[in-house]
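To start, the structure under review is shown below, and the notes come after it.
Every number in this text was worked out from the coordinates using simple rules, so none of it is lab data. Just so it is clear, the model here is predicted, and its values are computed rather than measured. For neighbour counting, all protein chains shown are included, and Cβ atoms are generated from backbone atoms with ideal geometry for every residue, glycine included.
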Amino acid sequence: REVRDTKIEDTVTHYHELYDRAKKMKEKPPPERERFIQKTRYSEFPALIAKLRENEGNKRAAKAATKIENALPDMFRGVRDPDIPLDNNHAERLLRKVVVHRKLWGCIRNEKGKRFVSNTLSCMETWKLKDKNVFQELQKFAS
């Protein structure tokens, strides 16, 4: 293996360690959580991004660095507010239904139709989560 790949693996491992520490921080008192956020956001994450950017020519590393950089403002919202999960697994599971339905209804061929179906199914799932009557909400939506 190349040294470059090992550096990226080390960076990914560090990222996972930060995530594990963030999960533990959710249980701590607010001042301690805030100190963790400040240290991690302004010290550890910039170092992590710099490591990824060191890998010149590696487009995946550069893309990962950009994604982390763009996500930084919202990355610690789940640490500040313990009611917010740190992952999006719940949302991903809900969206999976939408993707399956869209694929089953293969008759939707253009982008506008795909967006319409995705948005409609997304609204329906949201209404279900909020314990609203989907049929009544669709009627409001259609009128």
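For the stretch 71-143, calculate the relative contact order in percent as a whole number, restricting contacts to Cα pairs under 8 Å that are 6 or more residues apart.
Values: 21 pairs, mean separation 13.0, N = 73.
Relative contact order comes out at 18 percent.
Take every Cα pair under 8 Å whose residues are at least 6 apart in sequence, average their separation, divide by the length of the chain, and the relative contact order is 18 percent.
Helix 3-25 and the long axis of the chain differ in direction by around 70°, with both axes built from C-alpha atoms.
What number, in percent, do you get for the relative contact order of the stretch 3-80 if the mean sequence gap of Cα pairs under 8 Å and at least 6 apart is divided by its residue count? Each step should come with its number before you reach the end.
Working: 43 pairs, mean separation 29.8, N = 78.
Reported relative contact order: 38 percent.
In terms of other Cβ atoms within 10 Å, Val99, Val117 run from fewest to most in the order Val99, Val117. Helix content alone sets the calculated 222 nm mean residue ellipticity of the chain: runs of n ≥ 4 DSSP H residues at -39500 (n - 2.57) each, divided across all residues, give -24000 deg cm²/dmol. Out of these labelled values of P(r) over Cα pairs in 10 Å bins from 0, in percent, (i) 10, 26, 24, 24, 14, 2, 0; (ii) 11, 36, 31, 17, 5, 0; (iii) 8, 19, 19, 15, 15, 13, 8, 2, 0, which was calculated from the coordinates shown here? Matching the structure shown: (i). Computed from the C-beta positions of His16 and Arg93, the FRET efficiency with R₀ = 22 Å rounds to 0.55.
Could you work out how much longer the chain between Asp74 and Lys39 gets when fully extended? Use 0.36 nm per residue separation minus the Cα distance between them, nm to one decimal. Provide the component values of the computation, followed by the final result.
Numbers: separation 35, 0.36 × 35 = 12.60 nm, distance 1.53 nm.
Extra length from Asp74 to Lys39 when fully extended: 11.1 nm.
Ordering Ser143, Ser43 by the number of other Cβ atoms within 10 Å of each residue's own Cβ, fewest first, gives Ser143, Ser43. Hey, in the GNM for the chain with a 10 angstrom Cα cutoff, which one of Arg115, Arg77, Arg35 fluctuates hardest? Most flexible of the set in this elastic network: Arg115.
What's the FRET efficiency of Asp83 with Lys130 using the Cβ-Cβ distance as r and R₀ = 22 Å, to the nearest 0.05?
Computed FRET efficiency for Asp83 and Lys130 comes out at 0.85.
Placing dummy labels 7 Å off each Cα toward the beta-carbon, the span from Ala62 to Lys140 is 4.8 nm.
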